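Take a look at the structure below.
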Amino acid sequence: MDETEKLKNIVLAPYIIKATALIGKQRNVGGNQFRHALATMAILIDYKFFDNYVLLKAAVIHDLLEDVPETDEHELRRIDTQGNQVVDLVLEVTKSKSMSKANYLKNILDHGSRNAKILKVADRISNLTDLHRDQYSKRKMAEYLDQTEKYILPMATSVSHNMALELKDLIETRRKQISIK
């Protein structure tokens, strides 16, 4: 089966419908979490994860449980035959409120599944694409870039050479932006 045929077989509509609950959730960089979720999925498609349906479906709802806590996890699990796998992956990349961001990222780096690492890298690529000086202080951007180098770049290196190259380029570009006065 070629790439187009693989994509034809994925059933995304029920996940997209659930993800529309993110439309009202604003992002600091503008837009909303729904667009970010679809952008994260698009990044995965761009990197040719055409036949990893669990990964693509999880990308669409990866922030749903965190940003819309009233979401019924059991309802998500019943969407289709992959619902359990999709929700398990989403839970794997969902940060608990009690965990620091550094510990959360270190846990995914050290113990996360391959799919969790791929999804986290795609999520960070989307976030870095939206990271601009007019939205964040130089200090905040520098901290985010340091965190990306420490945790996300090693994840990318372990799962996708090309994703790692894009991350390096984004880090370099954003560092140049914050050094401009």
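Tabulated values for the structure
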| quantity | calculated |
| --- | --- |
| Segment 125-181: number of residues that are at pLDDT 95 or above and among the polar types (S, T, N, Q) | 7 |
| ILE108, sole failed condition from (1) modelled with pLDDT of 95 or more; (2) assigned to a loop (DSSP other than H, G, I, E, B) | (2) |
| Selection from segment 56-66 of residues that are charged (D, E, K, R) and either surrounded by fewer than 19 Cβ atoms within 10 Å (Cβ to Cβ) or closer than 14 Å to VAL121 by Cβ (or both) | GLU66 |
| Count of residues meeting criterion [in a loop (DSSP other than H, G, I, E, B) and either in contact with a Ser or Thr (Cβ under 7 Å, 6 or more places away or on another chain) or free of Cβ contacts under 8 Å to residues at least 24 places away in the same chain (or both)] in segment 52-63 | 1 |
| Residues being under 11 Å from ALA122 (Cβ atoms) and among the β-branched types (Val, Ile, Thr) - total across segment 26-55 | 3 |
| Only one of GLU75, GLU66 that is more than 13 Å from the chain's Cα centre (by Cα), over 15 Å from LEU7 (Cβ atoms) and part of a helix (DSSP H, G or I) | GLU75 |
| Enumeration of residues in segment 39-68 that are more than 18 Å from THR94 (Cβ to Cβ) and not small (Gly, Ala, Ser) | ILE43, ILE45, ASP46, TYR47, LYS48, PHE49, PHE50, ASP51, ASN52, TYR53 |
| Number of positions in segment 84-96 that are under 18 Å from the mean Cα position of the chain (by Cα) and either assigned to a helix (DSSP H, G or I) or over 20 Å from ASP110 (Cα atoms) (or both) | 8 |
| Leading residue by the ranking (modelled with the highest pLDDT) among those in segment 1-25 that are farther than 12 Å from LEU56 by Cβ and of a type in the set (D, E, K, R) | LYS18 |
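The values are calculated or read from the model by the stated rules, or taken from the named source; none is laboratory data. Keep in mind that this is a model prediction, so the values were computed, not measured. Quick reminder, even Gly has a Cβ in these numbers, built from the backbone with ideal geometry, and neighbours come from all protein chains shown.
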